[in-house]
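Q: Below you will find the structure I want to go over with you.
The values are calculated or read from the model by the stated rules, or taken from the named source; none is laboratory data. This structure is a prediction, so every number in the text was calculated from the model and none was measured. Don't worry about glycine lacking a Cβ; one is built from the backbone with ideal geometry, like all the others, and counts go over all protein chains shown.
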């Protein structure tokens, strides 16, 4: 296998569980389930199909004779008819009723929809587990003051937990989108070559109601609430676009998280997990590069770009169908899912092992807090008998002097010392330092985290507790 291309999504990033969902084995076994459902439905609606034929189909449902199918495809150049032929070799009694009245999209498109739904369920499970870990992290650090940033410039303090709640809010929005798409997915059903069900109307001797029932019964057998009411030969390719848009939304959220972690790791405030024998750089032995977060960003870029594929496919379909979607769908849909699967495994792994350095966080906060506390200091000075207008101008001038000491001289922030030395403020250095408690300046951040977790996140996690508890191990 070393002499041909192998996708890194399979070799390095995606889980075996997600890979199986998009495997040939899964696809062809699903085709056979659909052929059995079709035969059962046609028998139930009065066509001359025997129980013996259906039992024969069921007996060989899991035994895909791949070599027979490949040999036939080399001859006829048609994958569906090759598998109809191969199934017929195993089921000589049922050979004549396999795929009866159907077109290739009966198995191809219905299988794609079934596989996408199963893959979305796995994505949902992993997304919920990431949310659960982030919720623990947010709750644990909800009171830890930290310097907030706007434009990556120091701003009014927040808390470490509140920042994590921002990441969590993005994922909650993604979950809403995912559940909407998942809850609205239907099957194509048995629509025929141009979506008119003409072949089925012929089979059922002009009985329109039986054609309608055929769709509904096949959907029920496959675990779907129903079929799309109208279609061409294929389901609308906008469905693929909707699904990939959900994946791209998760990628956006994960990328944003990875950006913040990388910036925080540069500041030495928070680090992603780093294993005992891990090498950070081939040249600089001391380095601890945030490679997991970088990989999240890299895969996320791929998924966000990938969403263009189904958009282009959906917008350029001709009338009842063309085949220029086929090659693109075989790449864009599975690879979008495999990449998001890898992203969520990485996300869970990073959150589960995040290392927080409170002393560094406090140091950075205290270096900027005197500037942010000037309003409080000014109010204390007014209470001590000062003139607000005069104090405002003085504090502005002293802040500029302290800023110069930091930026030009490379010194410490000496604003408190400068204020204490000015008799107009009538405040001692000790009194000023009492105002330097970061918790005084975080506003409602701790309470916001509590309310958000209690009202928004925990009900969702409680409702889905049976899927929680996953751990994500990354292979490279």
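Q: Tally the residues that are surrounded by 16 or more Cβ atoms within 10 Å (Cβ to Cβ) and without any contact (Cβ under 8 Å) to a residue 40 or more places away in the chain, restricting the search to the stretch 43-57.
A: Final tally of qualifying residues: 2.
Q: Right, here's the next one. Please go through the stretch 225-239 and give me each residue that is crowded, with 19+ Cβ neighbours inside 10 Å, in contact (Cβ under 8 Å) with a residue 60 or more places away in the chain and closer than 17 Å to residue 183 by Cβ, ordered by number.
A: 235, 239
Q: If you don't mind, another one. What helices (runs of 4 or more DSSP H) lie completely within the stretch 133-233 and have 3 or more residues being modelled with pLDDT under 95? Can you show your working first?
A: Values: elements: 160-184, 198-203, 208-221.
By residue number, no helices (runs of 4 or more DSSP H) qualify.
Q: Condition check: within 22 Å of residue 320 (Cβ to Cβ) and assigned to a helix (DSSP H, G or I). Does residue 245 satisfy that? Steps first, answer last, please.
A: Values: within 22 Å of residue 320 (Cβ to Cβ): no; assigned to a helix (DSSP H, G or I): yes.
Considered against the rule, which asks whether it is within 22 Å of residue 320 (Cβ to Cβ) and assigned to a helix (DSSP H, G or I), residue 245 comes out as no.
Q: Residues that are free of Cβ contacts under 8 Å to residues at least 12 places away in the same chain, surrounded by fewer than 18 Cβ atoms within 10 Å (Cβ to Cβ) and within 24 Å of residue 39 (Cβ to Cβ): does the stretch 179-188 have at least one?
A: Within the stretch 179-188, not a single residue is free of Cβ contacts under 8 Å to residues at least 12 places away in the same chain, surrounded by fewer than 18 Cβ atoms within 10 Å (Cβ to Cβ) and within 24 Å of residue 39 (Cβ to Cβ).
The rows are residues; the columns are (1) surrounded by 17 or more Cβ atoms within 10 Å (Cβ to Cβ); (2) touching a residue at least 40 places away in the same chain (Cβ under 8 Å); (3) outside any helix (DSSP H, G or I).
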site: 427; (1), (2), (3): yes, yes, yes
site: 432; (1), (2), (3): yes, yes, no
site: 439; (1), (2), (3): no, yes, no
site: 466; (1), (2), (3): no, no, no
site: 473; (1), (2), (3): no, yes, yes
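Q: When you check residue 448 against the structure, is it at pLDDT 85 or above, closer than 30 Å to residue 340 by Cβ and not in a loop (DSSP other than H, G, I, E, B), yes or no?
A: Yes.
Q: With respect to residue 365, is the statement that it is touching a strand residue (DSSP E or B) at 6+ places or on another chain (Cβ under 8 Å), assigned to a helix (DSSP H, G or I) and crowded, with 17+ Cβ neighbours inside 10 Å true?
A: Yes.
Q: Are any residues in the stretch 441-458 under 28 Å from the mean Cα position of the chain (by Cα) and surrounded by 12 or more Cβ atoms within 10 Å (Cβ to Cβ), and if so, which ones?
A: Answer for the stretch 441-458, where residues must be under 28 Å from the mean Cα position of the chain (by Cα) and surrounded by 12 or more Cβ atoms within 10 Å (Cβ to Cβ): 445, 446, 447, 448, 449, 450, 451, 452, 453, 456, 457, 458.
Q: State the number of residues belonging to the stretch 155-178 that are more than 25 Å from the chain's Cα centre (by Cα) and surrounded by fewer than 17 Cβ atoms within 10 Å (Cβ to Cβ).
A: So the count comes out to 2.
Q: So residue 386 fits all but one of (1) more than 28 Å from residue 359 (Cα to Cα); (2) part of a helix (DSSP H, G or I); (3) modelled with pLDDT under 85; what number is the exception?
A: With respect to (1) more than 28 Å from residue 359 (Cα to Cα); (2) part of a helix (DSSP H, G or I); (3) modelled with pLDDT under 85, residue 386 is out only on (2).
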